[in-house]
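The next block holds one structure in the form of structure tokens; read it before the comments.
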Amino acid sequence: MENQKKFYITTPIYYPSSKLHIGHTYCTVATDTMARYKRLQGYKVMFLTGTDEHGLKIEQKAEAAGITPKQFVDNIVEGPRGVKDLWKLMEISYDRFIRTTDDYHVAAIQKIFKKMYDKGDIYKGTYKGKYCTPCESFWTESQLVNGCCPDCGRPVVDAEEEAYFFRLSKYSDRVRDLLVNTDFLQPRSRVNEMVNNFIDKGLEDLCVSRTSFNWGVPVDFDPKHVVYVWIDALFNYTTALGFMNDRYPDSDYETFWPADVHFVGKEIVRFHSIIWPAMLMSMDMPLPKHVFGHGWLLLDGGKMSKSLGNVVDPYILAERYSADALRYFLLRDFPFGTDGNFSNELLINRINMDLANDLGNLLSRTTAMADKYFGGTLPADQAEGPEDAELIAMANELRGKYEADMEKYAFQNALADVFAVIARANKYIDETAPWVLAKDEAKKPRLARVLYNLAETLRLCATLLQPFMPAACDKIFAQLGVTEDSLRSWDSAAAFGAMPAACTLHKGENIFPRIDAKKELAELEAMEAAQKAAAQAALSDAEKAGQPKTEAAPVEIADHEPEITFDDFMKSELRVGEIRACEAMKESKKLLHLTVFDGERERCILSGIAKWYKPEDLIGKKVAIVANLAPRPMMKGKYVSEGMIVAADTPDGGCIIPFFPDEATTGSRIH
């Protein structure tokens, strides 16, 4: 359709120095879900992902493996259980996959580099400073943290070589205005970090070529130089649309650029929110509409690291529990803009509670009763009842709530909206007691309407769950007898009652079998122990070969917690939160139930301070919260606490909460 709305969304292009882990999967699943949601709404979508394949680290790894850099990246991207295999397993519906070694991209980057050079925005000089090989990032002395790379915490090396530079400083004011006065960078909490830590400290011109290695895009007018990674990597979002190349038609660029949103991890927000717009300004190109910097998935409170052997293999989890179960968990438990603590226990509990108990049980009971009482096909003669109104009202309101949350990339809230309706449908079964109605022939019309309402609720919920769990929803539709595309469309989810009354249901397989948590956790722990042992053995072998250790053991200090590094401390995300509601809990004399606004959303926090504080004394107060604490089910799973209030012990065994003055900005980072 000529007037069809367009939507262009991208993941970062991932660095294939090793197999991808659950953190990469998290970002890609979120991007895929957003792309599927927009397609469901009727948009013409372009979804791009790919790999960033040049640089010194790849060259060194390939040399160590005794193969060429191209062979090395080919193995990881195209080989068995490689990047493309993983995305196929995870049901990633990308429209294009770009590799920075693709010929068309290389040729386009050379043209882009030359155009910026001809404009005077790229010039030759000499680089002297600090370089982080794993991150492929140059840093000034003032930007280092404890003498190490501020992004990854690893040691840096002195570097001096002839290089080309991009006049990043020239665009400092324009980029600052973009960040401060528009909604370009999201969530808003990332803006202050970029402005305060980078722009206001003074943007220095950026080194954009290297001569000390060869694995990169050659500067065609000065062949001893190769283009430095961030020009090569960032312009992929445009070259994949045909910009300055003949691989794709120019109309793709004209149709889809500027991008609606780049989804990126918070560690590369700086490159996408400062360097990328500056380069586009230099090229006189439109800027993307939004950059969204999501948080990390943490393991045992820390960022996943291949060198420590603590990465989570998405292949194992998806094959064990299904891609849909893993997709659901990743987007249900962790607010997309903040860090989340991954654990196998959380994954299994979420599968059992939501997918097996709530959704799976509702589908199984509904189809089984339809088969038992009506041979699968419901009669058209149906009778309404007083129990119907609340369920139908919730179902009618669902799409609007879901859409509002999806447009804010609040995937966890959109899923909560859907599962609130599923929970209400399960309660509706208990209220209407179909097994009692079935005993009275005169009540068969009422029984038919009850089962219809359950089936229609499932159809509507499955329609909105399609972006999250596409394969599982296909199975749900099959059991509901939904074969027409019109009954699984965006329009059909607007109002309750689209299914014909005389629908035919089919009892099928259990889509999400319940997991024996104790057995599964034991098996997963054994697998992870073996993984860590292998990583430690590899580390020991490296030490024997004379290679330096990359991690130091913590020092135990008497009567204190183990000593931590500055980077360890920075893993705790402390923010100013405003208490908007507070109430005592009937289930506990120790806990207070607080609703705390963190600058972006309200979160539930259960805090054991009831002995010292009255609820009415806390409402409106601003407190310090640990914002990236993993969500913790409490009170037998009835509540989920999403953070912690910072408090100090007193000599008499009590506690004191430090309060911030009113002028403290809600959501601001505490350092």
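The values are calculated or read from the model by the stated rules, or taken from the named source; none is laboratory data. In this text the structure is predicted, and so the values were computed from the model without any measurement. Backbone-built Cβ (ideal geometry, glycine too); neighbour counts: all protein chains shown. All accessible areas refer to the heavy atoms of the entire protein, side chains included, with ligands and DNA or RNA removed. Shrake-Rupley method; radii C 1.70, N 1.55, O 1.52, S 1.80 Å.
Figures for the structure shown
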item: Cβ-based charge dipole, the chain, positive-most Cα from Pro16, Thr211, Ser489; result: Ser489
item: Dipole magnitude of region 113-190, debye to nearest 20 (Cβ charges: Lys/Arg +1, Asp/Glu -1, about Cα centre); result: 300
item: Surface accessible to a 1.4 Å probe, His506 within the full protein complex, Å²; result: 90
item: Among beta bridges that DSSP assigns inside the chain, antiparallel share in %, nearest 5; result: 70
item: Unsatisfied cross-links (Cα-Cα over 25 Å) in the set Lys6/Lys408; Lys124/Lys170; Lys571/Lys638; Lys590/Lys621; result: Lys571/Lys638
item: Among Tyr94, Phe72, Ile429 the positive-end extreme of the charge dipole of the chain (Cβ point charges); result: Ile429
item: Solvent exposure ordering (accessible area, 1.4 Å, most first) of Trp87, Trp215; result: Trp215, Trp87
item: Region 285-413, dipole about Cα centre (Lys/Arg Cβ +1, Asp/Glu Cβ -1), debye to the nearest 20; result: 640
item: Isolated Cys in the chain, by beta carbon distance under 4.7 Å; result: Cys27, Cys148, Cys152, Cys207, Cys461, Cys473, Cys503, Cys582, Cys604, Cys655
item: Per-residue SASA entry for Thr68, accessible area with 1.4 Å probe, Å² rounded to 10; result: 70
item: Accessible area in square angstrom per residue, the chain, 1.4 angstrom probe; result: 44
item: Cα-based Kirkwood hydrodynamic radius, the chain, one decimal, Å; result: 27.6
item: Region 24-69 versus region 137-207: alpha-carbon centroid distance in Å; result: 24
item: Average Cα contact separation per residue, region 190-291, under 8 Å, 6 or more apart, as relative contact order %; result: 19
item: Which of Cys152, Ala356, Asn396, positive extreme of dipole for the chain (C-beta unit charges); result: Asn396
item: Rounded tilt (10° steps) of 323-333 against the dominant C-alpha axis of the chain; result: 80
item: Ranked order, Trp296, Trp257 - accessible area, probe 1.4 Å, largest first; result: Trp296, Trp257
item: Percentage relative contact order, region 1-104, counting C-alpha pairs under 8 Å, at least six apart; result: 35
item: Cα-centre dipole for the chain with unit charges at Cβ (Lys and Arg positive, Asp and Glu negative), debye to 20; result: 820
item: Helix-derived mean residue ellipticity, 222 nm - over the chain, DSSP H n ≥ 4, -39500 (n - 2.57), to 500; result: -12000 deg cm²/dmol
item: Relative contact order computed over the chain (Cα-Cα under 8 Å; 6+ residues apart), in percent; result: 11
item: C-alpha long axis of helix 56-65 to longest principal axis of the chain, angle in °; result: 80
item: Heavy atoms of Thr211: accessible area, 1.4 Å probe, square angstrom to 10; result: 50
